[in-house]
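S.K.: Take this structure, written in structure tokens, and hold onto it; I'll ask about it next.
The values are calculated or read from the model by the stated rules, or taken from the named source; none is laboratory data. Keep in mind that this is a model prediction, so the values were computed, not measured. In this analysis, Cβ positions are derived from the backbone assuming ideal geometry, glycine residues included, and neighbour counts consider all displayed protein chains. Keep in mind that these areas ignore ligands, DNA and RNA; they rest on the heavy atoms of the full protein, side chains included. Shrake-Rupley method; radii C 1.70, N 1.55, O 1.52, S 1.80 Å.
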Amino acid sequence: MSLPLFLLLTTLAYSGFTALCLSMEKHQMDLHGTARAGAARMRWWRGLGWILLILALLVASQAEGWARGPVIWLGAMTAAGLSLALGVLPYRPRWLTGLGWTLAGLTTLAALHAWLA
């Protein structure tokens, strides 16, 4: 397994967990107070979060096979979840959205670079 692959999986998982956090009313209240998102927007965030996590699983399985791919995927999800739950949410909750979008953009650029190379 290569380090760029693990970083790609971790950023995909982090972006997925960020979207799932934004689909929860508690985190919407932490970020926006009483002006939280509507039900349709929260369903959109939830769907996007699950799509990103499934995409990370498919990338891991494509790169490493179905024997090792899910194990590496779980490791990337653990790293992303711990950094989100112990690093960003308790201390800098306002960074959640910006950091999630930044990592999603970097993931897209890295995937495009790997595809073109």
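S.K.: Open to solvent by 90 Å² or more (accessible area, probe 1.4 Å), out of contact with any His (no Cβ under 6 Å at 6 or more places or on another chain) and more than 18 Å from residue 104 (Cα to Cα): does that describe residue 82?
M.R.: So residue 82 fails the test.
S.K.: A further question follows. Taking segment 69-117 as the region of interest, how many residues are without any contact (Cβ under 8 Å) to a residue 12 or more places away in the chain and assigned to a loop (DSSP other than H, G, I, E, B)?
M.R.: Residues that pass the stated criteria total 2.
S.K.: Can you tell me how many residues in segment 66-77 are open to solvent by 80 Å² or more (accessible area, probe 1.4 Å) and among the β-branched types (Val, Ile, Thr)?
M.R.: 1
S.K.: Residue 49 passes all but one of (1) surrounded by fewer than 19 Cβ atoms within 10 Å (Cβ to Cβ); (2) in contact with a Cys (Cβ under 9 Å, 6 or more places away or on another chain); (3) without any contact (Cβ under 8 Å) to a residue 60 or more places away in the chain; which number fails?
M.R.: Here residue 49 clears every test but (1).
S.K.: With the checklist (1) closer than 15 Å to residue 8 by Cβ; (2) open to solvent by 30 Å² or more (accessible area, probe 1.4 Å); (3) modelled with pLDDT of 75 or more in hand, flag the one item residue 60 doesn't pass.
M.R.: (2) is the only condition that residue 60 fails.
S.K.: Ok, one more. With respect to the numbered conditions (1) assigned to a helix (DSSP H, G or I); (2) farther than 26 Å from residue 1 by Cα, which one is the sole condition not fulfilled by residue 54?
M.R.: Only one criterion in (1) assigned to a helix (DSSP H, G or I); (2) farther than 26 Å from residue 1 by Cα is unmet by residue 54, namely (2).
Yes or no, residue by residue, for (1) touching an Asp or Glu at 6+ places or on another chain (Cβ under 8 Å); (2) among the basic types (Lys, Arg); (3) surrounded by 13 or more Cβ atoms within 10 Å (Cβ to Cβ); (4) modelled with pLDDT of 90 or more:
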| position | (1), (2), (3), (4) |
| --- | --- |
| 7 | no, no, yes, no |
| 35 | no, no, no, no |
| 64 | no, no, yes, yes |
| 98 | no, no, no, no |
| 112 | no, no, no, no |
